[in-house]
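Read the structure below first, then the notes.
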Amino acid sequence: QVQLVESGGGLVQFGGSLRLSCAASGITFSFLNMAWYRQAPGKQRELVAGVASSGNTNYADSVKGRFTISRDNAKNTVYLEMNGLKPEDTAVYYCNTVFIGLTYWGQGIQVTVSA
């Protein structure tokens, strides 16, 4: 059974940094494309960043230059390094992957940025 477990969220001040981690189990991690999404109150869930099995990355325009996604296949873990955090980054962040046509989500982790 595929499981994605996020960690590393919390409360940070404007301009601060956090690193989110997502540990995957029950699946051959190195074959997967992985992504981070976020959902703010009253808004739709949106893609923040993705990292392919090849290592190629993509980012939402709103986080380019501030966030970095990376992966460690030996640890079955994907990371999201977030710098220069703004109040508008406040959201629940979700780890995501798609495997054999099925979409998997982590439980979500809260990130709150105070002004």
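Assorted remarks:
- When only the Cβ of Lys, Arg, Asp and Glu is charged (+1, +1, -1, -1), the dipole of the chain relative to its Cα centre reaches about 20 debye.
- Residues within the reach of a label modelled at ILE100 (point 7 angstrom out along Cα to beta-carbon, backbone nitrogen below 15 Å), restricted to the range 26-67, are 26-29, 31-32.
- Expressed as a whole percent, the accessible area of the chain that falls on carbon and sulfur atoms is 50 (1.4 Å probe).
- Annotation for the range 13-115: chymotrypsin sites (Phe, Trp or Tyr not before Pro) lying in DSSP loop with at most 13 further Cβ atoms inside 10 Å of their Cβ are PHE14.
- Along the chain, the exposed loop sites are trypsin sites (Lys or Arg not before Pro) outside DSSP states H, G, I, E and B with at most 12 other Cβ atoms within 10 Å, and the longest stretch free of them is 1-42.
- Taken over the alpha carbons of the range 34-103 as equal point scatterers, the Debye sum produces base-10 log I(q)/I(0) values at 0.12, 0.17, 0.21, 0.24 Å⁻¹ of -0.32, -0.63, -0.93, -1.16.
- Extension gain for the segment ASN73 to GLN107, taken as residue separation times 0.36 nm less the Cα-Cα distance, is 10.1 nm to one decimal.
- Gap separating the Cα centres of the range 44-75 and the range 1-40, nearest whole Å: 10 Å
- Phi angles of the range 32-48 translate, via the Karplus equation with coefficients 6.51, -1.76, 1.60 and θ = phi - 60°, into HN-Hα couplings of 8, 7, 10, 8, 10, 10, 9, 9, 8, x, x, 10, 6, 5, 10, 6, 9 Hz per residue; Gly and Pro are given as x.
The values are calculated or read from the model by the stated rules, or taken from the named source; none is laboratory data. On a predicted model such as this, the values are computed, not experimentally measured, just so you know. Here Cβ is always computed from backbone atoms with ideal geometry, including for glycine, and neighbour counts include all displayed protein chains. Note: accessible area is taken over every heavy atom of the protein model, side chains too, but ligands, DNA and RNA are not part of it. Shrake-Rupley method; radii C 1.70, N 1.55, O 1.52, S 1.80 Å.
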